[in-house]
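Accompanying notes for the structure given below.
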Amino acid sequence: MGRVPGGDGRLTHDLMPDERGPQDACGVFGIWAPGEEVAKLTYFGLYALQHRGQESAGIATSDGRRLLVYKDMGLVSQVFDERSLASLKGHIAVGHCRYSTTGGSTWENAQPTLGGHAGFTVALAHNGNLINSAQLREHVMERGTQGFDVHAGELRRGNTTDTALVTALLVDDPSTTIEERALEVLPMLRGAFSFVFMNEHALYAARDPQGIRPLVLGRVERGWVVASETAALDIVGASFIREVEPGEFIAIDENGLRSKRFAEPEPKGCVFEYVYLARPDTSINGRVVHEARVEMGRTLAREHPVDADLVIPTPESGTPAAIGYAQESGIPYGQGLVKNAYVGRTFISPNQTIRQLGIRLKLNPLREVIKGKRLVVVDDSIVRGNTQRALVRMLREAGAAEVHVRISSPPVRWPCFYGIDFATRAELIATGIEVEDVCRSVGADTLGYISEDGMIAATNRRRDQLCTACFTGRYPVELPAEDQLGKGLLEMQLPLDVR
């Protein structure tokens, strides 16, 4: 394993310097392509998925004899250089960029996670979050007492993630093949998981029965690619074949591609992928995300019209919906805010003086454009409300006559346990109060959220095929007791004391 100097490097929503917005768990990428520079292709695939996680990055490769992994804290471009990529030789690769949901943001928890025995080594990358980690930990301990080698992975080195538990279970029995063991382990898992993993000879992928997190299959001239989003296929020149089906397990090796079903599909794709998480140029279930967001803006204009002079987005997350709002309403679209494209990459914490400047670190108003104007400001979501409050104040100080806020998702009132790290329910501004109260809190003249029906219609998917838990509190996979959930669940329980 390699390490290079790294840092936080988190790229988030357009936020106050000390405010954290909705974060997805991770991006995953895998490739099987003899004769190609798979490490470099994986690097570019992860580069396309950097928006899904910015805490750490890693790549594992195999040449058929030896499996190597290189990972560290930081952005993909900070972790890897020509020299490190050149050391990762082979025809199979798995890559990962992480935002932590179970297990803290530490080097020990960076992925891909490793495990193995005399027969083979496994490197596993995970997007999502398991809700039965406590049960899995007990199962791992029980396997340890039965003589299985549960320390054949990263648990003994301080890894405190649900991913490390799965890796340990995949490699704890040298008498089984990885495919046999995967088909035993995958049905035990509950929650969201899009896995891409490998051993010395093959590439594997699996997706939870609900298909909560995206995972797609692509073809390159000499092989196959699996990735979180179609945008990662595009960047490496792979053609999109299909989505990995919910409840499907795929194996790719010199004999081609094999598919097996380990569970019946019960599709519940995350609607927030359409709202914010996925890249706008990604396609999910045949719907280009940009088009879905533009349609959400059109719906917003129909549901919450207002007399105004200019529609402006909160860049960049609100841009497609703002375009749609302007198209539907006939109000001109304009750029009223300039974004500092690099501030999200800083490793320097703002001091109190800079913190008081607030949102100006990321956004600055174009005074000549907005002065005296009645503005419609479009964004994708409101979490705590601090950013919107500061934004409204800043626009008024710049001379805006009126500020009407429009949001292309319903009020976020519930936490996500399937791979998005929202604030706690107590911190969510919309919890327990009405829209009018939120409007007063952020200081807007009016506030309008898209309806749940309008948001769902824009995705071109049926309601029963989507997870809307963060808006409705209806969780498609039943949650365990509250004390068995949470980002730090395994921090006090791992490493395992199994001898």
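Of note:
- The H on the amide N of L363, modeled in the peptide plane, is under 5 Å from the matching H of N340, each at least 5 residues off or on a different chain.
- Computed about its Cα centre, the charge dipole of the chain is approximately 920 debye, with only Lys, Arg, Asp and Glu carrying charge at their Cβ.
- Each other residue within a Cβ distance under 11 Å of V378 adds +1 if Lys or Arg and -1 if Asp or Glu, for a net charge of 0.
- Residues E368 and L479, FRET efficiency given R0 of 41 Å [Cβ-Cβ distance, rounded to 0.05]: 0.20
- Placing a pseudo-label 7 Å from each Cα along the Cα-to-Cβ vector at D437 and T145 gives an inter-label distance of 4.8 nm.
- If you sort the three axes of the alpha carbon gyration tensor as a ≥ b ≥ c, you get a/c of 1.5 or more for the stretch 161-275 and a/b no higher than b/c, which makes it oblate.
- Rounded tilt (10° steps) of 386-397 against the dominant C-alpha axis of the chain: 30
- For the chain, the number of Lys pairs with C-alpha atoms closer than 23 Å, counting only pairs eight or more positions apart or on separate chains, is 11.
- A 1.4 Å probe run over the chain, with the rest of the protein chains in place, finds 38 Å² accessible per residue.
- The spacing between the stretch 403-474 and the stretch 192-259, judged by their C-alpha centroids, is 31 Å.
- Ordering W32, F80, V376 by Cα displacement along the dipole of the chain toward the positive end leaves V376 in first place; charges were set at the Cβ atoms of Lys, Arg (+1) and Asp, Glu (-1).
- J(HN,Hα) series, the stretch 62-79, from Karplus relation 6.51 cos²θ - 1.76 cosθ + 1.60, nearest Hz, glycine and proline x: 9, 9, x, 10, 9, 10, 10, 9, 10, 8, 6, 6, x, 6, 3, 5, 8, 7
- Taking a ≥ b ≥ c as the square roots of the eigenvalues of the Cα gyration tensor, an a/c ratio of 1.5 or more together with a/b larger than b/c marks the chain as prolate.
- Net charge over other residues, Cβ less than 12 angstrom from the Cβ of A93 (K, R count +1; D, E count -1): -1
- Here the chain exposes an accessible surface that is 49 percent carbon and sulfur, computed with a 1.4 Å probe and the other protein chains kept in place.
- Approximate spin-label separation E264-S239, in nm, with each point projected 7 Å along Cα-to-Cβ: 3.5
- Counting only protein chain heavy atoms and rolling a 1.4 Å probe, the accessible areas of Y333, Y475 rank, largest first, as Y333, Y475.
- C-alpha long axis of helix 319-329 to longest principal axis of the chain, angle in °: 40
- Crossing angle, helix 289-303 versus the chain [Cα axis fit, 0-90 degrees, rounded to tens]: 30
- Put a dot 7 Å past the Cα of S77, heading toward its Cβ, do the same for E184, and the two dots end up 4.5 nm apart.
- Accessible area, probe 1.4 Å, largest first, for residues S133, S317: S317, S133
- R190 long-range amide H proximity, modeled H, under 5 Å: I131, N132
- Spin-label zone in the stretch 442-483 - amide nitrogen under 20 Å from a point set 7 Å from the Cα of R302 along the C-beta vector: 448-464
The values are calculated or read from the model by the stated rules, or taken from the named source; none is laboratory data. Treat the numbers as computed from the prediction; the structure is a model and nothing was measured. When we count neighbours, we look across all protein chains shown, and the Cβ atoms used for this are built from the backbone with ideal geometry, even at glycine. Note: areas computed on protein heavy atoms with side chains; ligands, DNA, RNA excluded. Shrake-Rupley method; radii C 1.70, N 1.55, O 1.52, S 1.80 Å.
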